[in-house]
Amino acid sequence: MGGLRLALKLGASKSMTEFEKVEYKPVPVRELLTEMKDISELMIDLAYSAALFHSKELAEEVLELESYVDNLVYLLNMNAMLAARDAEDAEALLSVTAVANAADKISDAAADMAAIVLKDIGVHPLIRRAFQKVEEQLTRVKVKSNSFFVDKTVGELKLAPTIGVDVIAIRRGKKWIIDPDDEEIIREGDVLIARGAPAGIEEFEEAAEGKIEKLEEE
Amino acid sequence: MTIPKKISEELVKKLVELKDTSELMLDLAYSALLLNSKELAEEVEQLEEHVDDLHTEFELLALRSGFSPKESKNFLGLIRLGVVTEAIADAAAQIAEVVLRGLKPHPILKMVIEEADETVTRVQVAENSELVGKTLREAEIPERTGMWVLVIRRGKKWIRPRPNTKIQAGDIIIASGYAEGESDLTKLATAKT
């Protein structure tokens with residue numbers, strides 16, 4: 001996986017909370033939209049996780065991603081405008097900007113969710129009960145020293161293909177790694193936040209806690 | 001908790017449905033774009049109306065649950081969470097609208113959906129596939145492939161997946177999930193192992 005593919009290329013600063021000057025950069029619309037789609041969907045799960053696991057830091061990460069997505073919308077719109085040569089192009093590109101706007105709306109919704117956590121509004125116990133019953137589960141688990149995850153890269157573990165689980169964030173001490181790359185090495189003591197189907201999530205937790213020695217592929 | 005058990009259970013049930021439906025809608029909306037399918041887009045529109053009603057019921061139920069002043073912050077959080085799911089449903093409907101308004105999805109969209117971390121795919125179940133005759137529960141598609149079955153197309157009918165929906169040869173399964181699971185699903189749908 002690994003999001004924020006464009007962030008480095010665009011020179012987006014880590015602290016994206018201040019308004020950045022909007023500046024045109026030539027970036028393919030396809031790349032911008034892919035990034036927006038991936039990040040907005042990731043943000044929803046990160047925001048739900050922030051609420052479920054009472055994490056203000058994670059909520060702040062969501063807000064930073066939100067302003068990053070805002071910048072992507074500007075860039076996408078500018079690049080789409082320049083790509084249109086005639087009325088036919090304009091019509092065709094409208095489908096692209098409509099989808100980009102929808103992704104922006106989703107990222108805004110995630111930010112609203114994060115605000116619940118940051119403003120101490122309160123996460124009702126019923127929310128936690130509901131999240132035990134939803135189709136896609138979220139979990140937070142600490143990697144024990146005897147887990148076979150230790151010193152392996154995220155990609156090596158093949159979590160998505162074998163058990164349908166995706167690590168969406170890693171907390172290492174005070175540092176957060178959002179949407180880790182395949183090359184990211186998992187360390188003992190890392191706190192992993194992941195999403196997936198209930199059966200896969202259960203297996204994932206057991207593996208991180210060193211209770212099983214390998215992932216059972218069905 | 002001071003509110004009656006019956007109400008709290010109903011609130012949980014509605015919240016689960018709101019969250020699951022809003023995310024299903026998003027996947028369906030992207031499928032509608034990918035396949036340029038008006039039927040799927042209409043399905044999304046119908047679900048959007050359903051979510052609107054459900055959301056109103058959820059909010060009313062929360063407001064008349066009789067919570068104490070001390071619990072009001074928690075209930076505000078609960079209501080706001082409902083708003084988030086509704087916003088996601090709206091975004092999905094917005095995507096479906098592209099198809100319903102007759103805008104031809106730009107080729108870029110197809111590329112974006114196919115190369116995103118989470119992708120949408122469709123496979124046709126071959127006659128000699130091991131899936132034929134199995135219910136979705138027995139087929140264990142999410143466990144084996146990491147892909148969720150969003151909808152099944154049988155002839156002209158769109159079937160919403162239920163655990164005891166039986167898979168037939170010729171069914172077109174539309175599923176979403178991590179890109180890695182796509183080939184596993186294709187394998188399941190085509191050949192007997």
(1) at pLDDT below 95; (2) more than 7 Å from every other protein chain (Cβ to nearest Cβ); (3) crowded, with 21+ Cβ neighbours inside 10 Å all hold for residue A:110 apart from (1)
Could you run through segment A:103-156 and say how many residues are free of Cβ contacts under 8 Å to residues at least 40 places away in the same chain and not in a helix (DSSP H, G or I)?
-> 12
Among the residues of segment B:67-82, the number that are under 22 Å from the mean Cα position of the chain (by Cα), within 7 Å of another protein chain (Cβ to nearest Cβ) and surrounded by fewer than 22 Cβ atoms within 10 Å (Cβ to Cβ) is 1
Selected residue [at pLDDT 85 or above, assigned by TED's automatic domain parsing to the domain that holds residue B:39 and not small (Gly, Ala, Ser)] from B:167, B:95, B:108, B:141 = B:95
Which one is nearest to the other protein chains (Cβ to nearest Cβ), of the residues in segment B:173-184 that are closer than 14 Å to residue B:139 by Cα and surrounded by 23 or more Cβ atoms within 10 Å (Cβ to Cβ)?
-> B:175
Is segment A:153-171 home to any residue that is closer than 13 Å to residue A:42 by Cα and of a type in the set (Ser, Thr, Tyr)?
-> no
Out of B:20, B:117, which single residue is surrounded by fewer than 20 Cβ atoms within 10 Å (Cβ to Cβ) and either under 17 Å from the mean Cα position of the chain (by Cα) or among the charged types (D, E, K, R) (or both)?
-> B:20
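Give the residue that is farthest from residue A:38 (Cα to Cα), with candidates limited to residues of segment A:56-74 that are more than 15 Å from the chain's Cα centre (by Cα) and surrounded by fewer than 23 Cβ atoms within 10 Å (Cβ to Cβ). Let's see the steps before the verdict.
Keep residues of segment A:56-74 that are more than 15 Å from the chain's Cα centre (by Cα), which gives A:56, A:70-74.
Narrowing the set further to residues that are surrounded by fewer than 23 Cβ atoms within 10 Å (Cβ to Cβ) leaves A:56, A:70-71, A:73-74.
Values: A:56: 22, A:70: 14, A:71: 15, A:73: 14, A:74: 17 Å.
Here the answer is A:56.
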Qualifying strands (runs of 3 or more DSSP E) (wholly inside segment B:76-185; at least 3 residues being in contact with a strand residue (DSSP E or B) (Cβ under 7 Å, 6 or more places away or on another chain)) = B:118-124, B:147-154, B:172-178
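The values are calculated or read from the model by the stated rules, or taken from the named source; none is laboratory data. Remember, predicted model here, so these are calculated numbers, not experimental data. Note: ideal-geometry Cβ built from the backbone for every residue, glycine included; neighbour counts use all protein chains shown.
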